[in-house]
Amino acid sequence: MSSENAVEFQNVWKKYSREAIFHKSLREDLSRLFKTASTRDGLSQGEFWALQDINLKIKKGETVGFYGHNGAGKTTILKLIAGVTFPTQGSLQVRGRVAPLLEIGAGFHPDLTGRENIFMNGAILGMKITEIKQKMNSIIEFSELSEFIDMPVKKFSSGMYLRLAFSIAIHSEASIFLFDEIIAVGDGAFREKCLEKISDLKRKSKTVIFVTHNLELLKSLADRIINLNKGEIV
Amino acid sequence: MFPGFKHLLEYRDLFLVFLWRNFSIRYRQTIFGILWAIFPPLSLMILFTVVFGKIMSVKVADYPAPLFFYLGLLFWNFFASSLNFTIPVLANHYNLITKIYFPKEILPFSGIAMATIDMMIASVLLIAMLVYFKCSLTIYALWIFPLTLLLILFTIAISLFLSALNVFYRDVQLASSFLIQLWFFMTPVFYSIDKVSVNMKLVLFLNPLTFIIENSRRCLFEGRPVVVWQYLLMFIFVLIALRSSYSFFTKMEKRFADVI
């Protein structure tokens, strides 16, 4: 792999099952043992290819946007880059620490205050405790939530969650940033600020990868747009 | 033996943050706070002392019964509250597991660490009771530390296995309270194995908690040592269990985000 590439996909295929998304019980699994009829394309009943033969190179410092309908495989690509899931076939390499923007519920605990959640979210993003302490003021300032920061986040609005999440994510020392659809939310002024910050990341030659339905936004931010349709690059 | 260990060290700050979070959530909006670590074993100790001593008139040991019950409950509570925390912990954090990479064992580990701290707090009362009942400790009382280590390692082994399995089959979560209750009766918390038949003893010793609790009473209250070869045998058994459940966990970990 060339050292210039932050992300590299080689013939990546990813299979998912429609059935086992949330919950699977032992009884169902045992009953499945007796009917293992596979079809010709290597898929068992209820399975489908979320990604098909993806070849992809994203250079360091590049800003790439993924565009496509729901179910086109955008989120699966982000998950593969984040290292939470693995390809069924093919291989991929990721160079550098990855920071996804954590959504409501993921990196936040409702009973903890905003300030406490900064510790939790920051640590999940791989920041050290001392580092979080140093950046605390800067994170709060960027989020514009200083009045509410010592309040449990269960009392936050979704816009406030987003501000905090975004602010923490961009303060991490990661080299690859993943934004899944979320930039579309939030009020106009804050959105401007976020976009400004993303351009800032570009200037610091960080790799930014994002996913959205908003083609306008994509065109204004991305160096390159990758169009996905039914798990394939178009 | 545990290849991921060095990698785990990189994430120690995350572990500390999770541990701190567990504590602050649990004791938030409580009046008694940290005293809740002592109440459960204390209340059961009083109950057992009254039921077995006063109502059923059973003599459980040659030393004061509250000591006998409290030590068993201290260890049992650690084990049970660890399992109660760790079995559903991965499934509860599905929105984190599907978003970002981190060593998932940190989640069960933070729960076991919390139970360990609770056990340490609750053991202050044990020390107070030893003073109150004027127990004279011998050098063999130090065996309590290797026995506690064995308990913690065994708890980690069971927790890793069951928490990973629960990601695939939520049956584990549903069965857990019932399973823990069964295990309680198989463990000599409110009885002693001295009085049971040899065959039954062998069956009960398949449960490492039997070995741990029986021997800790023996070295702490009776001033007798643990038989070294028995300890070593048990230690090896626990290490094998730990090693197998750790590799089960890391093998399953790769599929967590897809099936959770």
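What the table below lists for this structure:
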read-out: Residues located in segment A:112-140, provided they are touching a helix residue (DSSP H, G or I) at 6+ places or on another chain (Cβ under 6 Å), buried (at least 19 other Cβ atoms within 10 Å of the Cβ) and at the interface with chain B (Cβ under 10 Å from one of its Cβ atoms); value: A:N117, A:F119, A:M120, A:N121, A:G122, A:A123, A:I132
read-out: B:I34 being part of a helix (DSSP H, G or I), over 23 Å from B:M252 (Cβ atoms) and away from chain A (no Cβ under 13 Å); value: yes
read-out: Verdict on B:L83 being of a type in the set (A, V, I, L, M), farther than 22 Å from B:Q181 by Cβ and buried (at least 22 other Cβ atoms within 10 Å of the Cβ); value: no
read-out: Inter-residue pairs, beta-carbon under 8 Å, first surrounded by 20 or more Cβ atoms within 10 Å (Cβ to Cβ) and in segment B:104-130, second among the hydrophobic types (A, V, I, L, M, F, W, C) and outside any helix (DSSP H, G or I), 6+ apart; value: B:A122/B:I38
read-out: Filtered residue count, segment B:50-64, keeping only those that are modelled with pLDDT of 90 or more and either of a type in the set (D, E, K, R) or buried (at least 18 other Cβ atoms within 10 Å of the Cβ) (or both); value: 2
read-out: Top-ranked residue of segment A:100-111 - restricted to ones that are surrounded by fewer than 21 Cβ atoms within 10 Å (Cβ to Cβ) and in contact with a Lys or Arg (Cβ under 8 Å, 6 or more places away or on another chain), ranked as farthest from the other protein chains (Cβ to nearest Cβ); value: A:P110
read-out: Pick from segment A:82-99, criterion facing chain B (nearest Cβ under 10 Å) and of a type in the set (A, V, I, L, M, F, W, C), ranking: surrounded by the fewest Cβ atoms within 10 Å (Cβ to Cβ); value: A:F86
read-out: Test: residue in segment B:92-106 that is at pLDDT 90 or above and among the charged types (D, E, K, R); value: yes
read-out: Residue match in segment B:184-191 (condition: assigned to a helix (DSSP H, G or I) and farther than 17 Å from B:Y231 by Cβ); value: yes
read-out: So B:F205, is it surrounded by fewer than 19 Cβ atoms within 10 Å (Cβ to Cβ) and either over 30 Å from A:V84 (Cβ atoms) or away from chain A (no Cβ under 14 Å) (or both); value: yes
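Conditions (1) part of a loop (DSSP other than H, G, I, E, B); (2) of a type in the set (F, W, Y); (3) in contact (Cβ under 8 Å) with a residue 12 or more places away in the chain, marked per residue:
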| residue | (1), (2), (3) |
| --- | --- |
| A:A72 | yes, no, yes |
| A:T76 | no, no, yes |
| A:K79 | no, no, no |
| A:F86 | yes, yes, no |
| A:A99 | no, no, yes |
| A:F108 | yes, yes, yes |
| A:R115 | no, no, yes |
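The values are calculated or read from the model by the stated rules, or taken from the named source; none is laboratory data. This structure is a prediction, so every number in the text was calculated from the model and none was measured. Quick reminder, even Gly has a Cβ in these numbers, built from the backbone with ideal geometry, and neighbours come from all protein chains shown.
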